[in-house]
Every structure is written in structure tokens, then in C-alpha cells.
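Some notes on the structure that comes next.
Taken together, the values in this text are just the output of simple stated rules run on the coordinates, not laboratory data. Keep in mind the model is a prediction, meaning the values are calculated, not measured. Every residue, glycine as well, gets a Cβ built from its backbone with ideal geometry; the counts of neighbours run over all protein chains shown.
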Amino acid sequence: MWEDLVRGPKLKTKRRKKICKRCGGTFEFVGIGRMYCENCTRIDAEQFQAVRDYLYENGPANALEIEEATGISKEHINKYLREGRLEIPPGSDEYITCEICGAKLRYGRFCPDCVHKMSAEEIQSATFDVNEVGEVQVTGGNKGQVRYIGKEGRKLQ
């Protein structure tokens, strides 16, 4: 009895079987997170590490250069840009676009204007995080290069 008071009540978590979005295999989903099985999550981490290492060693580069050097597809590089894990330097000629209005972005899925236009209800039910809200692209400059963001992160404006 004393042990129950010290440890608190035992919480039961319902573990659900999910289908991996990448390989189609099943895995146990316990909480919020990426929807990949353990194997695909490891592969994704290794691929991102290869891109990160290339950018760290060689500086900003465009997606084609990164793909040729690392073997990681442009689709994966674009995914890392959409997730806010990589960014296009300011002043680049290449960019990605806001999924709502098409504004030029350096990283993320949505521009700040579109996020601010969403109602509070839409924001609460939305499935994106702060890194998916991108910074609007400024034209001219670095020829579509991508760079590693690092640990400093960004703040939502």
C-alpha cells in the first residue's frame, strides 16, 4: 500500500498497432511522433545524418549536388525542408512554397500569414509543429542552396 502511494497509481496506456507510412509494416504507436516503424525511423535518421554531414563539411549546396554526393533523393531533401530540419539560405533563387497560398518559403510547410489567418479551432486541430511554419523567401542571391539549421532553432513570429 505504501509503495502505491509513493509511486502513484498505475497508468494503463493503450498501445495501438499502426501501419508504417514508408514500408507498410506494423508497429506499436504509443504517443505523438512520426508514423514510421523503428527500422524506417533509423533509416531516415541515417539519411538525414548523411545530408547534414555533407552540408556541414561542404557548406550550402543545392538539392541536386546533395543528391549526387550522398545518394539521398531530392524528395527526401524536400521532406527535410518541409519539416524545418534544413533551410534555404536568405537571398536564394530557389525556394519551396507555402502549401496554402504558394508564397516562397525558405523552410516549412506554411507561411506565417497563412498560420495567423487560421482560426484558433483550426490551429488546435492542425497537425504541424513550429518548424513547419517557414520563413518567407527573399529573392536573389545564393542559387537555391540548402543548409543545415543546427541546434539553435527558430522562434515563431
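Number of residues in region 72-123 that are in contact with a Ser or Thr (Cβ under 7 Å, 6 or more places away or on another chain) and hydrophobic (A, V, I, L, M, F, W, C): the value is 2. Close Cβ contacts (under 8 Å, 6 or more residues apart or on different chains) running from residues in region 81-98 that are free of Cβ contacts under 8 Å to residues at least 12 places away in the same chain and more than 12 Å from ALA63 (Cα to Cα) to residues that are aliphatic (A, V, I, L, M) and buried (at least 16 other Cβ atoms within 10 Å of the Cβ) comprise THR97/ALA103; THR97/LEU105. Taking region 67-81 as the range and being touching an Asp or Glu at 6+ places or on another chain (Cβ under 7 Å) and of a type in the set (Lys, Arg) as the test, only LYS74 passes. Of all residue pairs spaced 6 or more apart or on separate chains, those with beta-carbon atoms under 7 Å, a first member in region 58-70 that is farther than 16 Å from LEU81 by Cα and a second member that is of a type in the set (Phe, Trp, Tyr) are ALA69/TYR54; THR70/TYR54.
So which residues in region 57-95 are more than 23 Å from PHE110 (Cα to Cα) and within 16 Å of the chain's Cα centre (by Cα)? Once the filter is applied, which keeps residues that are more than 23 Å from PHE110 (Cα to Cα) and within 16 Å of the chain's Cα centre (by Cα), region 57-95 yields only ILE72.
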